[in-house]
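Novice: Just dropping this structure here.
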Amino acid sequence: MYKLMTPGPTMVKENVMKARSLAFTNPDLDMDFFEDYKGICDMMQEILNTENKALVLGGEGILGLEAACASLTEKGDRVLVIENGVFGRGFADFVTMYGGEAVLFSSDLHRPVDLASLEQFLEKDSNFKYATVVHCDTPSGVLNDVTGICKMLKKRGIITVVDSVAAMFGEAVNEIDGNIDILCGGSQKALSAPPGLTLLFVSEEAFFAMENRKTPIAGFYANIMLFKNYYENKVFPYTMPISDIYGLARALKNVEEDTEILQRHEKLATACRNALTEAGLSLFLETGHSNTVTVMNIPDGLTDEAIIEGIKKDYGIMIAGSFDIMAGKVIRIGHMGEGAREEILRATLEGLEGTLKKLGVKLTASIVESFDKNIANR
Ligand SMILES: *Cc1c(COP(=O)(O)O)cnc(C)c1O
């Protein structure tokens, strides 16, 4: 089995695997499960410091993105899709799928969305029901100032949807209440639980918009409203994946107990980026690197596949290429959750260094030595 240093799924701790393997009850009929589920949602609110309603949905991170669009969009609604990456752009598909009109605010892939340009755009056109934006757009690794962006949108009465699947728990999500109406997270990124669950944080205002639709929500599995009163009514729209949820609970406790988690992501990500550039390699982004993933340009004459296969075969570690418009341009090292540990990140860089040398790349310094120096100098 390869060690996973991909930007999701990430490695999972033993205690999470164990929690998933325990005997379980009937989550539809046993009232204890409703208490457990609510306890987990309360813990999510506490960790992210928000009063917005926390929910866990049975389905991978993408479900949260689709559920937000399905639950908010009515035919003809104008939706602002703020994008500088693959996932950002992808929101337009969900919007149109549910009958909305997606208006794109597109910006350069190599840096975060510029707030001043967005402000200028909004001065001319701000007639949108809601807007979507991605926190860390994983294929390029760019980190957007979602709180700053959402503040600007809320000032104009626009509901906000944020995909923080690849940032949440590795990067801070600040000032959620009053700014971010639907915040999406997932189990398999910095939370280091297996793939399969969506985390949602939904504001009163978002629920109000869903309740006051003229037409019913076109969907069942992606209908957020069906979860709103699960606790009061003691009913879920479908049988909850109880074992996954017990694993998630343990992963959340791991995060809660890990008081240095954000600092560690920052320290290791900085050391990783510095190590690569000091060795003469180049990063895809100009600015705005997320601390959950490092995205490196492929050295001339090489392919992503050759590098990835080399590290897999000789070092037993899996890193990733990219996809969509980013395919074949970069390789990506995920260092989020359990991947944000010095030992495994160092081993990954050792694998990268060895593989690049084997493929004939001349480095200007040792990646691993630079990494160690960067760590020691903190
Ligand atoms: C991983 C990820 C998702 C969820 O995608 P899955 O295909 O469910 O893994 C959504 N948004 C971003 C930015 C992601 O990195």
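Novice: Please state the Cα pair-distance histogram of the stretch 217-279 with 5 angstrom bins from zero: what percent is in each bin?
Specialist: Percent of pairs per bin, in order: 3, 13, 11, 13, 13, 10, 11, 10, 8, 5, 2, 0.
Novice: Find, to one decimal place in angstroms, the Kirkwood hydrodynamic radius of the stretch 1-153, where the mean of 1/r is taken over every pair of different Cα atoms and then inverted.
Specialist: 18.2
Novice: Next question. Counting only heavy atoms of the protein chains, get the accessible area per residue of the stretch 134-184 (1.4 Å probe) and round it to a whole Å² value.
Specialist: That works out to 21 Å² per residue.
Novice: Moving on. For the stretch 256-378, what size does the Cα cloud have along each of its three principal axes, sorted from largest down, in whole Å?
Specialist: Per principal axis, max minus min of the Cα coordinates gives 43, 32, 30 Å.
Novice: What fraction of the DSSP beta bridges in the stretch 20-162 is antiparallel, stated in percent and rounded to the nearest 5?
Specialist: Rounded to the nearest five, the antiparallel share is 15 percent.
Novice: Calculated from DSSP H runs of 4 or more alone, at -39500 (n - 2.57) each and per residue, what is the 222 nm mean residue ellipticity of the chain, nearest 500?
Specialist: The per-residue figure over the chain is -12500 deg cm²/dmol.
Novice: Which net charge results for the neighbourhood of T239, defined as the other residues with beta-carbon distances under 12 angstrom from its beta-carbon, given Lys and Arg at +1 and Asp and Glu at -1?
Specialist: With Lys, Arg at +1 and Asp, Glu at -1, the net is -3.
Novice: Which of the helices in the chain meet the span-like rule: DSSP H, Cα axial reach of 18 Å or more, Kyte-Doolittle mean at least -0.5?
Specialist: Membrane-span-like by this criterion, though nothing is claimed about a membrane: 31-48, 242-257, 261-278, 342-358.
Novice: Counting Lys +1, Arg +1, Asp -1, Glu -1, what net charge surrounds V165 among other residues with beta carbon under 14 Å of its beta carbon?
Specialist: -4
Novice: Next up: If you filter the stretch 30-61 for GluC sites (Glu not before Pro), then keep DSSP loop positions with at most 16 other Cβ within 10 Å, what is left?
Specialist: The qualifying sites are E51.
Novice: Same structure again: In Å², and per residue, what accessible area does the stretch 64-130 have when probed at 1.4 Å with the other protein chains present?
Specialist: Normalised by residue count, the accessible surface of the stretch 64-130 is 40 Å².
Novice: Using a probe of 1.4 angstrom, how much of the accessible area of the chain is carbon and sulfur, in percent?
Specialist: 51
Novice: If R0 is 25 Å, what FRET efficiency do you get for L302 and D108 from their C-beta distance, rounded to 0.05?
Specialist: E(calc), rounded to 0.05, equals 0.50.
Novice: Under Stokes-Einstein, with the Kirkwood radius over Cα pairs standing in for Rh, what whole-number D in µm²/s applies to the chain at 10 °C and 1.306 mPa s?
Specialist: 74
Novice: Counting only other residues whose beta carbon sits under 15 Å from that of N229, what net charge do I get with K and R as +1, D and E as -1?
Specialist: Its environment carries a net charge of +1.
Novice: I'd like the chymotrypsin sites (Phe, Trp or Tyr not before Pro) in the stretch 150-229 restricted to DSSP loop residues with at most 11 other Cβ atoms within 10 Å, sorted by number.
Specialist: F220
Novice: Given 20 °C and 1.002 mPa s, compute D for the stretch 168-251 with the Stokes-Einstein relation, Rh being the Kirkwood radius over Cα pairs; round to the nearest whole µm²/s.
Specialist: Calculated translational D: 146 µm²/s.
Novice: Based on the Cβ-Cβ distance from F121 to E205, what FRET efficiency comes out when R0 is 25 Å, to the nearest 0.05?
Specialist: According to the calculation, E is roughly 0.65.
Novice: While we're looking at this one, here's another question. Given a Förster distance of 30 angstrom, what is the FRET efficiency for A23 paired with A172, based on the Cβ-Cβ distance and rounded to 0.05?
Specialist: 0.25
Novice: Sticking with this structure for a sec: On average, how much accessible surface per residue is there in the stretch 227-336, in Å², for a 1.4 Å probe, leaving out ligands, DNA and RNA?
Specialist: 40
Novice: Each label point is 7 Å from the Cα along the Cα-to-Cβ direction; what then is the distance between the points at E260 and K155, in nm?
Specialist: Here the modelled spin labels are 3.9 nm apart.
Novice: How far, in nm, would the chain grow between E74 and E309 when pulled straight, counting 0.36 nm per residue and subtracting the alpha carbon separation?
Specialist: Fully extending the segment from E74 to E309 adds 80.0 nm.
The values are calculated or read from the model by the stated rules, or taken from the named source; none is laboratory data. Just so we're clear, the structure is a prediction, and the values are computed from it rather than from any experiment. We place every Cβ from the backbone using ideal geometry, glycine too, and count neighbours over all the protein chains shown. Note: areas computed on protein heavy atoms with side chains; ligands, DNA, RNA excluded. Shrake-Rupley method; radii C 1.70, N 1.55, O 1.52, S 1.80 Å.
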